[in-house]
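Notes follow the structure.
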Amino acid sequence: MVIPTTSRQRITDALREFVIPFPLTVDSLLQAMQDQRDRPLILHREAFPSKLEQPCGLWWPDSEGRDHVWINPQAVGVQGVQSLAHELGHMLLGHPPLKELPPGLTDPTAPAAPAMPELDELMAEFTLLSPAFLDGSYLGVRTRSRDVRRDPEYILHEEEAENFGSQLRRRAMVQGRDHHNNPLLDRLHRNL
Ligand SMILES: [Zn+2]
C-alpha cells in the first residue's frame, strides 16, 4: 500500500520532533520515549496469553494517566525496535490507543494477583477470542478478522505506524554513520 502524501508529511513532522537515541536499541528507545513524552510509560514483555493471536505490540493508557506498551517477547533486536517504534508512531501520530488492557494480559503495576490455576488460564485465552475481540474492538491488535482488515482507517493507521517505525530506524542508521565518520568522536573512541 502506498502511503498518502499527507501521511508521509505527518510522519516526517513527528520524526523531526523526536530525538532518536544512539545506539538505537529497545532499551535506549524506551528511555528516549520516557524522556521525551510527558506521560509515564511502562513496557510489558510477558508472553501473550493466546497462542492463536500474536500481535507485535499494543499500547493502552490507564486511568492514572500512564501509558503502557506491550511488545511481544519474541520480537528482539531489530524486530523489537521496530515494534516499539511502531507503537511510538501510533502515539505521535495521534492514533486512538486501546481502551483497556486486553484480557489475559496482566498489569505489573497492579497489586499481585494470586497465581492462575490452569483452568483460569484457559478461560483467559477463551476471553481473548470473544466476538468483541475478533470484531477488532481492541484497535491496534492485528487480529485476523477480515472485517478489521478491511476497515480503511484501521489499515491506514497501521501502515502509518509501521512506516514511522521504518523511517525512525533508517534515520538512526544514517545518524550512526555520521557518528562513525566524525573524526573527533573516532579519536575519542580510540583514546578510550
Ligand atoms: Zn499498530
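Details
- Averaging 1/r across all pairs of distinct Cα atoms in region 6-56 and inverting the result yields a Kirkwood radius of 13.5 Å.
- Each residue of region 86-99 is assigned a 3J(HN,Hα), and the resulting list reads 4, 5, 4, x, 4, 5, 6, 8, x, 6, x, x, 5, 7 Hz, derived from the Karplus form 6.51 cos²θ - 1.76 cosθ + 1.60 (θ = phi - 60°), x at Gly and Pro.
- Neighbour-count order for 22, 164, 48, fewest beta carbons within 10 angstrom listed first: 22, 48, 164
- Residues whose amide H falls under 5 Å from that of residue 41, counting only those 5 or more places apart or on a different chain, are 67, with hydrogens built in the peptide plane.
- Judged by the gyration tensor of its Cα atoms, with axes a ≥ b ≥ c, region 36-79 is oblate; a/c meets the 1.5 cut and b/c is at least as large as a/b.
- Under 5 Å between amide hydrogens, built in the peptide plane, is the criterion, and for residue 56 it picks out 142 among residues at least 5 positions away or on other chains.
The numbers here are math on the coordinates, done by the rules we state, and not lab data. For clarity, every value in this text was computed on a predicted model and none was experimentally measured. Every residue, glycine among them, receives a Cβ derived from its backbone with ideal geometry; neighbour counts consider all protein chains shown.
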